[in-house]
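Colleague: Structure incoming, see below.
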Amino acid sequence: PNVPDSSFWGSLTTLCSSFRDHPYIVVGDFNTVVGASVDRSSTFAVISRDGRDLPAFLESIDLVDAWRLLHPAERDYTHTSRAHGTHSRIDYVLISPSLFSVVDAVEHGPLEISDHSMLFLDLSPPDSPISRRPWRFPAYLYQDKDFLQFLCSKWKDYARFNASEELSPITFWEASKAVLRGEIISYVCARKCHIAQGIIHLERRCREARLAYIQHPSSTTRNLYFSAQSALNALIHEKTKSWFKFRNYSFHRYGNRAGEVLAS
């Protein structure tokens, strides 16, 4: 809650206590800090709840702040108030002590769209199964001009090297599907890698700009930080558009077949 609310902490404690017999993880924006001296950039921030509500909650249910355990001396923040020019660490990954052995990393990501940083939690659970789903044509690329040009080029290459009177039309067609599938998979993987590399580059740039702004607040570092943030948001927006196209295709793929989500 944005204001002091003892009933919230009581309800949350009761809920988490029901999981005491099993290790568990709690992740979220708590709107308060564990320690004002290390988790806030400004000593003039309101700290009436700091040092009481969240630490008391952690002690009552035996959870630990995973990021602080891995970064005991580091000062980093997950929330930026543009109005006040202050920073605070109010987003937490809280875990049962028994789970700490499978935690590989806990990191703060950039502020994408929101004024809160993403939280990355890497786990290595023992004997985790690997799931695979059947391949489907990337329908979200139907209207992508670069993809269509790529696909036409690969089809022409296949036809030029394999068209022969000795090869039956059926064999020619069935083999073409396998060849083009491999080319499509290669294209999609390269596209995803290119986008991922761009996001990683901008996330690093955004993180460096944010730390520079935190350590040396000025109009210059502020503008550099917001510029990097805008570039990252634009790339994330494009990635999200592709995801929505894919989901739209998934829901409409079977039309009005009985049992489907959009069946009439």
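Colleague: Could you tell me what a quarter of the Cα convex hull surface of region 175-223 works out to, in nm² with one decimal place?
Modeller: Working: hull surface 14.5 nm².
It is 3.6 nm².
Colleague: Roughly how much of LYS154 is accessible, in Å² to the nearest 10, using a 1.4 Å probe?
Modeller: Per-residue accessible area (LYS154): approximately 60 Å².
Colleague: Let me ask something additional. With every protein chain left in place, what is the accessible area of PHE19 in Å² (1.4 Å probe, nearest 10)?
Modeller: The accessible area of PHE19 comes to roughly 90 Å².
Colleague: Dividing the Cα convex hull volume of region 126-220 by residue count, how many Å³ per residue is that?
Modeller: Cα-based convex hull of region 126-220, divided per residue, equals 189 Å³.
Colleague: What distance in nm separates the two pseudo spin-label positions at LYS241 and ASP115, each 7 Å out from Cα along the beta-carbon direction?
Modeller: Label-label distance for LYS241 and ASP115, simple model: 2.8 nm.
Colleague: Sequence neighbours fewer than 8 away in the same chain don't count; with that in mind, list the aspartates and glutamates whose C-alpha is under 13 Å from LYS192.
Modeller: GLU238
Colleague: Roughly speaking, what is the stretch gain from ARG181 to THR13, that is 0.36 nm per residue apart minus the C-alpha to C-alpha distance, in nm to one decimal? Walk me through the numbers on the way to the answer.
Modeller: Numbers: separation 168, 0.36 × 168 = 60.48 nm, distance 5.21 nm.
Going from the current span to full extension adds 55.3 nm.
Colleague: Gap in Å between the Cα centre of region 165-182 and the Cα centre of region 1-27?
Modeller: 60 Å
Colleague: Using the heavy atoms of the protein chains alone and a 1.4 angstrom probe, what is the accessible area of region 144-233 per residue in square angstrom?
Modeller: Here the residues of region 144-233 average 68 Å² of exposed surface.
Colleague: Still on this structure: Taking a quarter of the surface of the convex hull around the Cα atoms of region 22-111, what do you get in nm²? Walk me through the intermediate numbers first.
Modeller: Working: hull surface 24.6 nm².
With every direction weighted equally, the projected area is 6.1 nm².
Colleague: Counting only residues 5 or more places away or on other chains, whose amide H sits under 5 Å from the amide H of TYR24 once H atoms are built in the peptide plane?
Modeller: Under 5 Å from the amide H of TYR24 lie the amide H atoms of SER96, each far enough along the sequence or on another chain.
The values are calculated or read from the model by the stated rules, or taken from the named source; none is laboratory data. Being a predicted model, the structure only gives us computed values, none of them experimental. Here Cβ is always computed from backbone atoms with ideal geometry, including for glycine, and neighbour counts include all displayed protein chains. These area figures cover heavy atoms from the full protein model, side chains too; ligands, DNA and RNA do not enter into them. Shrake-Rupley method; radii C 1.70, N 1.55, O 1.52, S 1.80 Å.
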